[in-house]
Amino acid sequence: MRLVTFVHHGRTAIGAVIEEHIIDLGHIAPDMLTLIEKGVSGLAQVRTAVAAAPTGIPLHETTLLAPIPTPRRNIMCLGLNYAEHVKESYGARGQQAKLPDVPIIFTKATTAVSGPTAPIPYDQTITTELDWEVELAVIIGQAGKNIGPHEAMNFIFGYTVLNDISARDLQMRGKQYFKGKSLDGTCPMGPWIVTADELPQPHNLRLTCRVNGVTKQDSRTEFMIFNIPLTIAYLSGGMSLLPGDIIATGTPDGVGFARTPPEFLQPGDVLESEIEGIGTLRNPVIGDR
């Protein structure tokens, strides 16, 4: 199923996308986090509602928000999780590349989250180096701690598209990535959550990023250094994961700061982030030069 958070005639609700219509699921749960917390029984209710619905709301009459507009906790992100991205990142700094021995984790603030078509703010008094990073995001479906790799996939609710937009000047100046990764509007997500049962091979997906129609990133999730089970096992070691937690699994090569010369987003640009089997984000960059 494709599950969304949408706005229709001023009302915000969750729904299931069936072809070009949305089946309203507001009677099952008031928001996506609540639905995720309901677990298997919640998804069973959704399937019953979808089967019984005579029709739905036309998709074009709605505005899609991020599937989880206000996450419970910061988004957990992997850095340098594709070998070619490791090479380009070190190379841009004139350093010898070294693959990480363990997952590199940082977080993005919940206030960075925005929708699949929401504008990306550009404020040159804050940053002039906004960069793109298309990523597969994993949505945790049930609480767990010390989860083994062999059981990790059972803890996944679904998947979505995320772009870990980064203010490189802030990121490189800081001792931590948090500030440069957490500006408002720099975590577009969506357009929906595809439930885990409909995406059984998340390590075999093409992910692409385009700026004004020009492809900047084009890779596959099979090239992750730390795959999803290893990542969940690592994060959950001694630390509880909760329903609705979002894990961004890293970006492949092709980012702007590592190009020659470096490239960054500018006002008027349109950023498209696409993952096979899930969907596409289309976010315009809005602001003053």
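The values are calculated or read from the model by the stated rules, or taken from the named source; none is laboratory data. Just so you know, these numbers come straight off a predicted model, no measurement behind them. With ideal geometry, Cβ positions are generated from the backbone for all residues, glycine too; neighbour counts draw on all protein chains shown.
Being in contact with a helix residue (DSSP H, G or I) (Cβ under 7 Å, 6 or more places away or on another chain), among the aliphatic types (A, V, I, L, M) and not assigned by TED's automatic domain parsing to the domain that holds residue 242 is true for just one of 57, 14, 36. Which residue is that?
On the way: 57 fails: in contact with a helix residue (DSSP H, G or I) (Cβ under 7 Å, 6 or more places away or on another chain); 36 fails: in contact with a helix residue (DSSP H, G or I) (Cβ under 7 Å, 6 or more places away or on another chain).
The unique qualifying residue is 14.
Confirm whether residue 240 is within 20 Å of residue 76 (Cβ to Cβ) and surrounded by fewer than 21 Cβ atoms within 10 Å (Cβ to Cβ). If you could, list the steps in order and put the result at the bottom.
Values: within 20 Å of residue 76 (Cβ to Cβ): yes; surrounded by fewer than 21 Cβ atoms within 10 Å (Cβ to Cβ): yes.
When the stated conditions are applied, residue 240 passes them.
Please verify whether residue 126 is out of contact with any Asp or Glu (no Cβ under 8 Å at 6 or more places or on another chain) and part of a strand (DSSP E or B), treating the condition exactly as stated.
Values: out of contact with any Asp or Glu (no Cβ under 8 Å at 6 or more places or on another chain): yes; part of a strand (DSSP E or B): no.
No, not satisfied.
For the list (1) touching a residue at least 40 places away in the same chain (Cβ under 8 Å); (2) within 26 Å of residue 230 (Cβ to Cβ); (3) not assigned by TED's automatic domain parsing to the domain that holds residue 6, I need the number of the one condition that residue 70 fails.
Of the numbered conditions (1) touching a residue at least 40 places away in the same chain (Cβ under 8 Å); (2) within 26 Å of residue 230 (Cβ to Cβ); (3) not assigned by TED's automatic domain parsing to the domain that holds residue 6, the odd one out for residue 70 is (2).
Checking the condition hydroxyl-bearing (Ser, Thr, Tyr) and under 19 Å from the mean Cα position of the chain (by Cα), which residue from 260, 231 passes?
On the way: 260 fails: under 19 Å from the mean Cα position of the chain (by Cα).
Step by step, each of 260, 231 is checked, and only 231 is hydroxyl-bearing (Ser, Thr, Tyr) and under 19 Å from the mean Cα position of the chain (by Cα).
Looking at the range 208-243, which of its residues are assigned to a loop (DSSP other than H, G, I, E, B) and within 14 Å of residue 104 (Cα to Cα)?
Just the residues of the range 208-243 that are assigned to a loop (DSSP other than H, G, I, E, B), to begin with: 212-213, 225-227, 237-240, 242-243.
Passing the criteria: 225, 226, 227.
From the residues in the range 66-90 that are of a type in the set (S, T, N, Q) and more than 23 Å from residue 219 (Cα to Cα), which one is surrounded by the most Cβ atoms within 10 Å (Cβ to Cβ)?
Per the stated criteria, the residue is 74.
Which condition number in (1) part of a strand (DSSP E or B); (2) more than 21 Å from residue 127 (Cβ to Cβ) is the one that residue 286 fails?
So residue 286 meets the others, but not (2).
Listed residues 198, 222, 276; which is within 14 Å of the chain's Cα centre (by Cα) and assigned by TED's automatic domain parsing to the domain that holds residue 155? Give the derivation first.
Working: 198 fails: within 14 Å of the chain's Cα centre (by Cα); 222 fails: within 14 Å of the chain's Cα centre (by Cα).
Just one listed residue meets the conditions, 276.
State whether the residues of the range 98-119 include one that is closer than 30 Å to residue 168 by Cα, of a type in the set (D, E, K, R), in a helix (DSSP H, G or I) and in the same structural domain as residue 212 (by TED's automatic domain parsing). Show your work before the answer.
Start the filter on the range 98-119 by keeping residues that are closer than 30 Å to residue 168 by Cα, which leaves 98-119.
Filter again for of a type in the set (D, E, K, R), leaving 98, 101, 108.
Filter again for in a helix (DSSP H, G or I), leaving none.
No, the range 98-119 contains no residue that is closer than 30 Å to residue 168 by Cα, of a type in the set (D, E, K, R), in a helix (DSSP H, G or I) and in the same structural domain as residue 212 (by TED's automatic domain parsing).
Residues of the range 91-127 being closer than 30 Å to residue 239 by Cβ, over 20 Å from the mean Cα position of the chain (by Cα) and buried (at least 16 other Cβ atoms within 10 Å of the Cβ), which ones?
Here is the first cut: in the range 91-127, the ones closer than 30 Å to residue 239 by Cβ are 97-116.
In the following step, the residues that additionally are over 20 Å from the mean Cα position of the chain (by Cα) were identified as 97-102.
Those that are closer than 30 Å to residue 239 by Cβ, over 20 Å from the mean Cα position of the chain (by Cα) and buried (at least 16 other Cβ atoms within 10 Å of the Cβ): none in the range 91-127.
Quick test for you: out of 171, 142, pick the one residue that is more than 14 Å from residue 273 (Cβ to Cβ), assigned to a loop (DSSP other than H, G, I, E, B) and not small (Gly, Ala, Ser). Show your work before the answer.
Numbers: 171 fails: assigned to a loop (DSSP other than H, G, I, E, B).
Answer to the check: 142.
Is it the case, given these coordinates, that residue 191 is under 14 Å from residue 135 (Cα atoms), in a strand (DSSP E or B) and either modelled with pLDDT of 95 or more or not assigned by TED's automatic domain parsing to the domain that holds residue 146 (or both)? Write out each step before concluding.
Numbers: under 14 Å from residue 135 (Cα atoms): yes; in a strand (DSSP E or B): yes; either modelled with pLDDT of 95 or more or not assigned by TED's automatic domain parsing to the domain that holds residue 146 (or both): yes.
Answer is yes for this residue.
Cβ-Cβ below 6 Å, separation at least six or inter-chain, first residue in the range 16-33 and exposed (fewer than 15 other Cβ atoms within 10 Å of the Cβ), second at pLDDT 95 or above and of a type outside the set (Val, Ile, Thr): which pairs?
The qualifying pairs are 20/59; 26/13.
Quick test of your reading of the structure: residue 86 fulfils all but one of (1) under 30 Å from residue 171 (Cα atoms); (2) not assigned by TED's automatic domain parsing to the domain that holds residue 257. Name the failing condition by number.
It fails just one condition, (2).
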